[in-house]
Amino acid sequence: MRSKRISLTLGVAMSLCLANTAGAAPREESPVLENGVIGYVMTERVWAVYETKDGKEECPQGFNDGNREEFKKIFPEDGQQRTVVETQLKREGEQWHPETATYKMPYKEVQGKISYGLNLDGKEDANDFVSPEGEPGVDNQLYRANGCIAGYRAGGSFAHFENLFMKSSEDSRVLIEIAGVDDLNNDDDVTITTYRGLDNLLTDATGDAFVPGGTQRIDMRWGKRYISKAKGKIVDGTLISNPMDTLLIPWGRGVSYQYQVFRGARFKLKLTPQTAEGLLAGYADVDSYTLRKNEGWSTHHQSYGQFSSITQHQAMDRLADGYPDPKTGWNTAISSAMRVKFTQVFIQRPDQELVSKR
């Protein structure tokens, strides 16, 4: 008799529970959203280059020459005697100081109308592209300069090696933290902060796929320069940030250490509890871009990507469209976009914040 009463009581309790929940949608709690905060670590980045199958639409004249091809044109085998100083060392010096180069090689810019990127200046003009989704006003002059360089395209050496070293070098760790999040699908007021992390990326057993749920400590001692902040919103699961005045992205490669400077940088990322994927767009500082490229890629290695930082710098100078120098009026930055992927992490602050004065 007692067992029957117990069974009846349990049955009634379960019925009441089901009745209470049947008419209302359960509240979705994300285990990665702690106190309205979620963190991500960058696991992939590539300069956004829109490509057709054969490249003829965007590069009808073909691709640009690299260092080896340019060297043969500047110093042809015409019987003239030239010294190493007049040729190889002169070329190397101009690579590090491209404004001193006295020659102008033919340069092939992108001719297509489609590009990845965002409308950075809030305008639509003749220099703008249309996104693959059909959105007008896309500002990405760096794509116009780089899109016909083989090394930047699919299968090129730059994206492969830069991502390889980003994954293996702790000093290249890029973190973003989104705070004030009530809902990962829609929230009209969140705060985005960038940091440099200190830890390895968490991967599966293959070492190729990234696993969410890892921990990243913030570099609060030497990483102060990488801390940037902006307000933003989440619309239908997409994070849209306001511009950051200055954003530095650590960009180590092998034994060399560099960073890229962006002005007016903003994120547009599709968010899930495990990943964030989309665009980082802004105005890339031209001089820091060239310096970073030369520090990370010697003349020899640039040639594998059929790339010449001298002529690229000349093209970037010509196409630069933002942040004019107050004295000369010459634009110092060029509109750009990167396609980026992030994986969710728990961001850990040190017990004592040791922040340098730099």
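By a 1.4 Å probe calculation restricted to protein chains, Ser241 has an accessible surface near 10 Å², given to the nearest 10. On C-alpha positions alone, give me the angle between the axis of helix 2-22 and the longest principal axis of the chain, in degrees, nearest 10. Taking Cα atoms only, the helix is inclined about 40 degrees. Taking Gln260, Gln348, Gln80 as the candidate residues, the one with maximal mean-square fluctuation in a Gaussian network model of the chain, Cα springs under 10 Å, is Gln80.
The residues of the chain expose on average 53 square angstrom of accessible surface per residue, using a 1.4 Å probe on protein heavy atoms. Here is the P(r) of the stretch 138-251: all C-alpha pair distances, binned every 10 Å from 0, give 12, 29, 38, 20, 0 in whole percents. Share of carbon and sulfur in the accessible area of the chain stands at 53%, probe radius 1.4 Å.
For the stretch 146-222, chymotrypsin sites (Phe, Trp or Tyr not before Pro) are listed when DSSP marks them as loop and at most 12 other Cβ atoms sit within 10 Å of their Cβ; the list is empty. Seen against the Cα atoms of the chain and their longest principal axis, helix 286-296 is set at about 90 degrees. Loop-located trypsin sites (Lys or Arg not before Pro) in the stretch 60-169 (DSSP state not H, G, I, E or B) with no more than 13 neighbouring Cβ atoms inside 10 Å: Arg82, Lys104, Lys113, Lys123.
In the chain, helical runs assigned H by DSSP with n ≥ 4 each contribute -39500 (n - 2.57); averaged across all residues and rounded to the nearest 500, the mean residue ellipticity at 222 nm is -7000 deg cm²/dmol. Applying a DSSP loop filter and a limit of 14 other Cβ atoms within 10 Å to the GluC sites (Glu not before Pro) in the stretch 266-353 leaves Glu353. The C-alpha atoms of the chain define a longest principal axis, and helix 157-168 lies at about 50 degrees to it. Legend: residues His313, His301, sorted from most to least accessible area (1.4 Å probe; ligands, DNA and RNA excluded), read His301, His313. Taking Cβ atoms as reference points and 13 Å as the exclusive limit, the residues near Leu118 contribute a net charge of -2, counting Lys and Arg as +1 and Asp and Glu as -1.
Match the structure shown to one of the listed values [x] 43; [y] 51; [z] 28 of percent of Cα pairs over 31 Å apart, computed from it, and give that label. After the calculation, the listed value that fits is [x].
The values are calculated or read from the model by the stated rules, or taken from the named source; none is laboratory data. Predicted, not measured: the structure shown is a model, and the values here were computed from it. Here Cβ is always computed from backbone atoms with ideal geometry, including for glycine, and neighbour counts include all displayed protein chains. These area figures cover heavy atoms from the full protein model, side chains too; ligands, DNA and RNA do not enter into them. Shrake-Rupley method; radii C 1.70, N 1.55, O 1.52, S 1.80 Å.
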